[in-house]
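Report on the structure given below.
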Amino acid sequence: MAYYFKEISHTFNEYLLVPGYSSSECIPANVSLKTPLVKFKKGEEPAISMNIPLTSAIMQSVSGERLAVALAKEGGVSFIYGSQSVEDEAKMVARAKAYKAGFVISDSNISPESTLKDILDLKEKNGHSTIAVTSDGTENGKLLGIVTSRDYRVSRMSADTLVKDFMTPLEKLIVAPENTSLKEANDIIWDNKLNSLPILDKDGKLKYFVFRKDYEAHKENPCELLDSQKRYVVGAGINTRDYEERVPALIEAGADVLCIDSSEGFSEWQSRTISFIREKYGDTVKVGAGNVVDKEGFLFLAKAGADFIKVGIGGGSICITRETKGIGRGQATALIDVCNARDEYFEETGIYIPVCSDGGIVHDHHMTLALAMGADFLMLGRYFARFDESPTNRVSLNGNYYKEYWGEGSNRARNWQRYDLGGDKKLHFEEGVDSYVPYAGALKDNVALSLSKVKSTMCNCGSLNIPDFRKNAKLTLVSATSIVEGGAHDVIQKETSLGTIK
């Protein structure tokens with residue numbers, strides 16, 4: 001006879017936090033959201049921690065290189081989607097890692113025989129106003145000059161004007177040798193009032209640029225997440241089919257952490273993938289696994305060697321796995337069960353394996369609930385898909401702006417690897433939908449607002465960090481009537497779908 005769980009499966013919306021005592025120190029400015037990303041032993045520090053408990057989902061419509069950079073600036077980690085060729089994913093990772101190393105590899109380069117039209121096309125493609133002019137038009141060619149927006153006026157110049165006729169030539173540039181330190185480079189920039197400083201090797205070939213804006217950006221983003229070389233921390237998704245080829249390419253490209261992208265992680269396929277990584281790289285390569293929804297699934301992946309474990313099946317806004325296959329569990333119940341298993345495992349082994357809550361986050365307060373229930377960090381899809389930095393198109397529908405958003409199990413993505421059960425290489429039926437989400441603007445502004453709510457709630461519960469919050473939080477189940485009571489009710493709101501009431 002089948003096993004029946006005695007407890008009803010609950011979602012985040014069925015819980016509320018009960019406030020605790022707040023001292024005068026409990027103000028949002030004092031709250032730390034730092035959290036471990038990968039496992040560590042008792043008494044030791046994790047190899048990677050995040051400054052905010054947010055990661056982006058391994059999805060075509062969410063995690064490209066732009067979002068990876070934007071989220072790392074705020075202190076989180078993006079997992080660049082793996083449902084693309086190995087080469088293309090590795091290039092995305094490499095570009096995100098090169099975006100800000102202090103020393104930036106130029107990805108906007110042109111030859112002196114090119115034209116103003118070529119400059120404008122390149123600027124539109126990459127969005128960069130500083131373009132290196134090299135002998136062969138490549139990133140490592142001999143530097144001959146640079147072109148910025150100050151070197152041309154579109155209204156007064158012909159589109160076929162040659163670059164060599166309006167560029168700022170090398171002899172008028174201030175440059176530095178490749179042994180220049182980042183501090184020295186920034187000093188040169190400030191002393192000479194430059195926007196950028198080309199770094200050249202002994203043969204005059206371009207190695208890097210150092211930009212004034214990167215120094216300023218660091219001051220504007222105090223929580224940014226950097227590696228030991230001051231590059232942004234970037235994650236990448238892998239699958240359980242081509243990992244022998246994909247993992248080495250992603251590591252070579254600079255990925256800091258990997259995550260197996262699968263709808264259901266309690267499988268031999270995941271243990272095989274982790275075993276390959278451990279045999280080839282030992283513990284130097286960090287890899288998360290999942291998804292699971294109970295203690296048994298957690299223990300399986302913990303013993304397999306996962307560095308963090310994702311929780312959640314069927315709770316994503318574009319996921320229809322529960323409808324099509326009848327598997328899953330309410331996200332809140334699954335998270336509580338797995339986090340209890342994590343804590344027991346830590347007590348028994350002295351190894352702490354972070355838990356990632358993946359799916360089921362609809363409102364900002366759900367983030368806070370997930371952290372209170374034990375999640376070390378969250379993985380979000382719909383939330384990040386709404387922003388400028390996601391890879392999808394912004395479209396206008398009935399006068400409002402939306403962003404496209406589709407599931408990896410949809411016919412549009414056709415990510416059969418994510419749902420692989422060892423059969424033929426195709427998606428037999430959909431487990432995700434193709435949709436739109438309301439456009440929300442820049443990631444930075446929205447993340448700041450969401451996390452201000454999280455910090456404020458933590459203060460209401462008398463906690464200044466995530467471990468204390470988890471330990472001190474008091475949670476209560478609510479009735480359907482309580483949920484209605486919790487929103488605006490029994491009033492006529494001034495702002496309605498019909499317009500402003502006057």
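The values are calculated or read from the model by the stated rules, or taken from the named source; none is laboratory data. Keep in mind that what you see is a predicted model, and the values were worked out from it rather than measured. Reconstructed Cβ throughout: ideal geometry from the backbone, glycine too, with neighbour counts over all protein chains shown. Calculation scope for accessible area: heavy atoms of the full protein, side chains included, ligands and nucleic acids excluded. Shrake-Rupley method; radii C 1.70, N 1.55, O 1.52, S 1.80 Å.
Is segment 1-102 rounded, prolate or oblate when judged by the Cα gyration tensor, a ≥ b ≥ c being the square roots of its eigenvalues, rounded requiring a/c under 1.5 and prolate requiring a/b larger than b/c? Note, shape of segment 1-102 comes out oblate.
Given a 1.4 angstrom probe, I'd like the percentage of the accessible area of segment 34-142 that is carbon and sulfur, rounded to a whole number.
Numbers: 2000 of 4190 Å².
Its accessible area is 48 percent carbon and sulfur atoms.
Rolling a 1.4 angstrom probe over the protein heavy atoms with all chains in place gives segment 14-163 an accessible area of 45 Å² per residue.
Roll a 1.4 angstrom probe over the protein heavy atoms and tell me the percent of accessible area of segment 298-407 that is carbon or sulfur.
Numbers: 1680 of 3700 Å².
Here it works out to 45 percent.
So, for segment 289-396, what is the accessible surface per residue at a probe of 1.4 Å, expressed in square angstrom?
Values: 3350 Å² over 108 residues.
I get 31 Å² per residue for segment 289-396.
Using Cα atoms only, what is the angle between the long axis of helix 331-349 and the major principal axis of the chain, expressed in degrees (0 to 90) to the nearest 10? The two axes meet at around 90 degrees.
The charge dipole of segment 130-171, taken about its Cα centre with unit charges on the Cβ of Lys, Arg, Asp and Glu (plus for the first two, minus for the last two), comes to roughly 180 debye. Absence of a disulfide-compatible partner, taken as no other cysteine beta carbon within less than 4.7 angstrom, is noted in the chain for Cys223, Cys259, Cys319, Cys339, Cys356, Cys461.
Using a Förster distance of 56 angstrom, determine the FRET efficiency expected from the C-beta separation of Asp88 and Ile8, and round it to 0.05.
On the way: r = 44 Å, r/R0 = 0.78.
Efficiency computed from Cβ-Cβ geometry: 0.80.
For Lys474, the aspartates and glutamates whose Cα falls under 15 Å of its own Cα, not counting residues fewer than eight places away in the same chain, are Glu14. Computing mean projected area of the Cα convex hull in nm² for the structure here picks out one of (i) 24.8; (ii) 30.3; (iii) 29.1, namely (ii).
Structural descriptor for the chain: relative contact order 21 percent, calculated from alpha carbon pairs under 8 angstrom and at least 6 residues apart.
Go ahead and estimate [θ] at 222 nm for the chain from helices alone: -39,500 (n - 2.57) per DSSP H run with n ≥ 4, summed, over the residue count, rounded to 500.
On the way: 15 runs with 156 residues, N = 502.
That calculation yields -9000 deg cm²/dmol at 222 nm.
Stokes-Einstein D for segment 43-173 at 25 °C, 0.890 mPa s, Kirkwood Rh over Cα pairs, in µm²/s? Translational D for this selection: 144 µm²/s. Beta-bridge orientation, the chain: approximately 55 percent antiparallel, per DSSP, counting only bridges with both partners inside. Taking the Cα atoms only, what angle lies between the long axis of helix 116-126 and the longest principal axis of the chain, rounded to 10 degrees? Once rounded, one gets 20 degrees.
In the structure displayed, which of Lys123/Lys280; Lys207/Lys310; Lys295/Lys444; Lys193/Lys230 lie more than 32 Å apart, Cα to Cα?
Values: Lys123/Lys280 41 Å; Lys207/Lys310 40 Å; Lys295/Lys444 36 Å; Lys193/Lys230 23 Å.
Lys123/Lys280; Lys207/Lys310; Lys295/Lys444, as the Cα separations exceed 32 Å there.
When +1 charges are put on Lys and Arg Cβ atoms and -1 charges on Asp and Glu Cβ atoms, the dipole computed for the chain relative to its Cα centre reaches about 760 debye.
Go ahead and collect, in residue order, the members of segment 60-74 whose backbone nitrogen is under 15 Å from a label point 7 Å along the Cα-Cβ direction of Asn393. Once the point is set 7 Å along Cα→Cβ of Asn393, 61 turn out to lie under 15 Å by backbone N, inside segment 60-74.
Counting only alpha carbon atoms, the long axis of helix 268-281 and the longest principal axis of the chain meet at about 40°.
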